[in-house]
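The values are calculated or read from the model by the stated rules, or taken from the named source; none is laboratory data. These figures come from a predicted structure and were not determined experimentally. Neighbour counts run over all protein chains shown; Cβ positions are idealised from the backbone, glycine included. The area values use the complete protein model at the heavy-atom level, side chains included, leaving out ligands, DNA and RNA. Shrake-Rupley method; radii C 1.70, N 1.55, O 1.52, S 1.80 Å.
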Amino acid sequence: MNRRRTPRSASAEDLLNTLQDLTARARREVEFHQARVELAQALQRDMLPAALPTLPGLQSAARYAPARHGLDIGGDWYDGFPLADGALGFAIGDVQGHDVEAAAFMGQVRIAMRAIAGTASDPGEILGRTNDLLVSVDSGLFATCTFLRLDPTTGELRSARAGHVASVWATTGGRSGVTEDPGGMPLGIEPGEGYPVTRRTLACDGAIVLLTDGVVEGPSLLIEDGLERVRRLVAAHAGASAARLADEVLGAAEVTGHEDDAAVLVLRHAAARRGAR
């Protein structure tokens, strides 16, 4: 008696083969995306500075944490370096997108900004010239950024913003706030954009905290509430070291849902050693 496969057994075999094929394709897709993530992480790790400048009376520290969900990595970055006139420049920024292209563009922004800061020291001019350069490249990406110029002799702080989230400050004497300074558009969108400069003097011991929106905004937290939470945290730890304060602020990203990467840059300053006015 000849036995034939029933249509049902043939369908079951076809289904098994299809599932095996889909599983193999899914595995290859995951491996491909994982390779892109590892490449982006390597790009970002190698492009971020190994150390930040410090001086008597000034501590600086930075922290970065990748997003916890998905296979992508963002383009958050920070930097700090001496300027041509002897002051110090500090920057923090966030590139649109979460992939290898964003990480590579982040490196271009950071390198361009350093090169321009070699001949210019005004934060507004540095952002303006960086913006024009990025527009000319026409990559289709843009970046937000805050740039600070700190004069270690006078304690004067000049800052400019390109569409970036506000910074937070606090003094050891109990004052604190969020810097809602005027700013311009993100870098890489429109040529000829202007970036107003805000001037302050660090006349008291305290801390300035620059951050990206991944620290203060997420599915479970509005950016205004996140900034207020960080303000209270910085005010409570204004006398701590820059490293400890950076750890504390980065920990605040936990309540956002942490779907975006997050970066923090802390300047812990002592005005008594800076010639306060």
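Observations on the structure shown:
- Cβ-Cβ under 6 Å pairs, at least 6 apart or on other chains, segment 202-219 side without any contact (Cβ under 8 Å) to a residue 40 or more places away in the chain, far side assigned to a loop (DSSP other than H, G, I, E, B) and open to solvent by 30 Å² or more (accessible area, probe 1.4 Å): none
- Residue count for segment 176-216 under the criterion of being farther than 28 Å from ARG232 by Cβ and over 22 Å from the mean Cα position of the chain (by Cα): the result is 2.
- The sole residue among THR212, THR171, THR153 that is touching an Asp or Glu at 6+ places or on another chain (Cβ under 6 Å) and either among the polar types (S, T, N, Q) or surrounded by fewer than 17 Cβ atoms within 10 Å (Cβ to Cβ) (or both) is THR212.
- Just one of (1) among the β-branched types (Val, Ile, Thr); (2) more than 22 Å from GLY57 (Cα to Cα); (3) in contact with a Leu (Cβ under 8 Å, 6 or more places away or on another chain) fails for VAL197. It is (3).
- Residues of segment 244-264 satisfying the condition of being touching a Ser or Thr at 6+ places or on another chain (Cβ under 7 Å) and part of a helix (DSSP H, G or I): VAL255, THR256
- Candidates ARG114, ARG161: the one that is of a type in the set (D, E, K, R), outside any helix (DSSP H, G or I) and open to solvent by 20 Å² or more (accessible area, probe 1.4 Å) is ARG161.
- Residues satisfying the stated conditions in segment 131-172, i.e. over 19 Å from the mean Cα position of the chain (by Cα), in contact (Cβ under 8 Å) with a residue 24 or more places away in the chain and within 21 Å of LEU83 (Cα to Cα): ASP132, LEU150, ASP151, PRO152, THR153, THR154, GLY155, GLU156, LEU157, ARG158
- Exclusive hit being out of contact with any Pro (no Cβ under 8 Å at 6 or more places or on another chain), surrounded by fewer than 23 Cβ atoms within 10 Å (Cβ to Cβ) and at pLDDT 90 or above, set LEU127, LEU133: LEU133
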